[in-house]
Structure formats: structure tokens, C-alpha cells
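The values are calculated or read from the model by the stated rules, or taken from the named source; none is laboratory data. None of these values were measured; they are calculated from a predicted model. Positions of Cβ are backbone-derived with ideal geometry, glycine not excepted, and every protein chain shown enters the neighbour counts. Only protein heavy atoms, including side chains, enter the accessible area calculation; ligands, DNA and RNA are left aside. Shrake-Rupley method; radii C 1.70, N 1.55, O 1.52, S 1.80 Å.
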Amino acid sequence: MYPVALVAIFSIITSVMSTSTSYSFTSILIPLYIYPSPGAWDPLFKIIKNYGQQPFTVIVNPDSGPGTARFPDSNYVAGIIKLKSFRNVRVIGYVHVSYTSRNISEVCDDIDKYADWAAHPTADIRVSGVFVDEAPAEVGNEDGNLNYMSNVHDRVLQSFGAIGQDGFTMTNPGTIADKGFYQFADAVVSFESPLSSYYAPDTLQTSKDLSKSAGTAASLQGIIVTAFDGSEARERYMLHAVVARGIGYVYFTRDPDYQKFGTDLKLLVGEVAKRNGLANTRRE
Ligand SMILES: *[C@@H]1O[C@H](CO)[C@@H](O)[C@H](O)[C@H]1NC(C)=O
């Protein structure tokens, strides 16, 4: 009887999760640019496990992209397998477009390479899509930037569609972007900046706030804050504001870049999960 009840509860949790990870809860966005030496990603694994209902979107980045080899090295393979073992995690691969100055055939090669991870002979390291960094915010001359991003998105859908993945595409202009870009992405990072001097919640503007992209849903947008140096109370207050505004993805770190986990990683995840109404599922 006990096992049957457990199975029933488990399937309820699973069905709630499968809808919740796609939207409605604010996801923790982790730019995981740390090399996975054995143990290096453990702080993240631990917190993902502790908040088993909290959605995470994790960007892996072997070498400012997928790297030159066909598959990532064994440390990456081990790390990605572990990440994928958590059902509340979506793993995507880092690609950059240098504000459209990068030759698009190189970008397409990177996208194809991530999709091709699905062909790894011994490990399931397939990723769900890509994080397109240094994305343009303006449509450009004769919509040149917009067309470029349209081509990038087409390639993601094509390459990932071929391996049965949805080709989740998050783009990162890091600032308010023209609403035209939303048709070529599942999510857009509207804010990526160090935050050492501006503490008002209004600082964390998304496209929802500006007329050029009026009506763009906050749930499709992400906010990345680095070098946060306010108080813990201020950080909690701002994270509360992010969730209350329905922003889809958030990362805060006291670190100036992405070379290590911020000392506030637990605070970030704990506060967002709490404001999402998601409990800590495991006591530490
Ligand atoms: C982009 O790269 C492709 C393939 O290497 C090359 O054929 C093409 O000329 C390049 N385009 C530009 C504008 O450099």
C-alpha cells in the first residue's frame, strides 16, 4: 500500500513539474561557465537537489561555445550527465554572435555541434537548446540584425528538431530589446549588468516597461545581475520583486563575473523558490 501511495504522489509531482518548468514560475538562470573539475559543480548540484521543484535553466559553455572537438571532454560529460539527472533542470549550450558581427556560418556550426552531442556514443549529454550571447537589441539597418537572429533561430529549430528536441532559444542582448526579437526566441535576457550602485527595483526593467516593446511578457524575459554588493535584505527584496513581477528567469551573484559561484547562491535559490511558493524539498 505504501509504495502505491508513493507512486501516486510521485506522478502528481511529475505532472505539476512538467507544466511548471515551461512557464509560470521564475526559473533560476545559471551561466555555468566554471570548468567542471571533479567537485567544482557540487555546490550547484546540492542546491538543485535541495530545491527539487524549483526550475533551473543552466547554460553550459565549454569554450565560449561548444569547443573545437566533436564532443566535450570527460569532465564535461560527467557534469552534464549529472545536471540532466535532475528533472527540474534544463541544460542549454552557450553560443555567441558578437552583436551580429560574427560570421553566421560559424554560429550555425556551433549550434549544430551542440545538437550533435545527442550522438555521443556512450553518454546522454543532449542539451535542449542554446543561449545566444551578445545578441543585438536593435533591429538594425533594413532589419539586418533581426534577419540575422531569425536565421539563428531557424538553425536552432532545424538542428534540434532533427534530434527530437524543442530547440529552446534564449537570447541575451543584456538590455531592453526591440519586441521584434521575441518572435525568434523563447526567452530574452533584458538586463545583464553589475549592480553596485542602483538599488531601486525599477532598475530591473524589462521590455514590458518600455513602449518600443510594450506588451512583451515579463515571463519571457530574464535578468542577470553580477557584482551585487547590497545587503542581504536588499537582495531578498529585489528577488521578491523579480518574482512578483513575473519575470521568467533570474540570476544574481555577488561575484563580478561567472568564474565562481556567488556566496549568495543559496540566498538566490532559497528566496526565489520561496517567492515561487516552492518549498525546500530536502533539509540540509
Ligand atoms: C563566412 O564563412 C563562410 C564559411 O567559412 C565563408 O564561405 C564566407 O565567405 C564567410 N563570410 C564572410 C562574410 O566572411
Practice task
State whether one or more residues within segment 235-250 are under 17 Å from the mean Cα position of the chain (by Cα), under 27 Å from GLY39 (Cβ atoms) and modelled with pLDDT of 95 or more.
Solution key: yes
Completion exercise
Looking across segment 104-119 at residues that are farther than 20 Å from TYR35 by Cα, crowded, with 16+ Cβ neighbours inside 10 Å and more than 15 Å from the ligand (Cβ to nearest atom), the single one that is nearest to the chain's Cα centre (by Cα) is ALA115
Completion exercise
Among the residues of segment 148-162, the number that are closer than 21 Å to ILE125 by Cα and assigned to a helix (DSSP H, G or I) is 7
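May I ask you to list the residues in segment 73-103 that are within 16 Å of the ligand (Cβ to nearest atom) and either part of a loop (DSSP other than H, G, I, E, B) or surrounded by fewer than 16 Cβ atoms within 10 Å (Cβ to Cβ) (or both)? So that I can check it myself, show each step before the final result.
Within segment 73-103, the first condition is being within 16 Å of the ligand (Cβ to nearest atom), and the residues that meet it are 95-103.
Listed by number, the residues that qualify are VAL97, SER98, SER101, ARG102, ASN103.
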Practice task
Would you mind telling me which numbered condition in (1) at pLDDT 95 or above; (2) over 16 Å from ILE28 (Cα atoms) PHE168 fails?
Solution key: (2)
Practice task
Of the numbered conditions (1) free of Cβ contacts under 8 Å to residues at least 40 places away in the same chain; (2) of a type in the set (Gly, Ala, Ser); (3) buried (at least 16 other Cβ atoms within 10 Å of the Cβ), GLY180 fails exactly one; give the number of that condition.
Solution key: (1)
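Identify, from the list THR169, THR122, the residue that is among the polar types (S, T, N, Q), more than 16 Å from the ligand (Cβ to nearest atom) and either open to solvent by 60 Å² or more (accessible area, probe 1.4 Å) or without any contact (Cβ under 8 Å) to a residue 12 or more places away in the chain (or both).
Exactly one of THR169, THR122 is among the polar types (S, T, N, Q), more than 16 Å from the ligand (Cβ to nearest atom) and either open to solvent by 60 Å² or more (accessible area, probe 1.4 Å) or without any contact (Cβ under 8 Å) to a residue 12 or more places away in the chain (or both), namely THR122.
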Handout entry: Any chance PRO43 is away from the ligand (no atom under 16 Å from the Cβ), in a loop (DSSP other than H, G, I, E, B) and either surrounded by fewer than 22 Cβ atoms within 10 Å (Cβ to Cβ) or not hydrophobic (A, V, I, L, M, F, W, C) (or both)
Key = no
Exercise for the section: Scan segment 88-106 and report the pairs whose first residue is farther than 20 Å from LEU29 by Cα and of a type in the set (Asp, Glu) and whose second residue is away from the ligand (no atom under 11 Å from the Cβ) and open to solvent by less than 20 Å² (accessible area, probe 1.4 Å), with Cβ atoms within less than 9 Å and a gap of 6+ or a chain change. Expected result: GLU106/GLY65
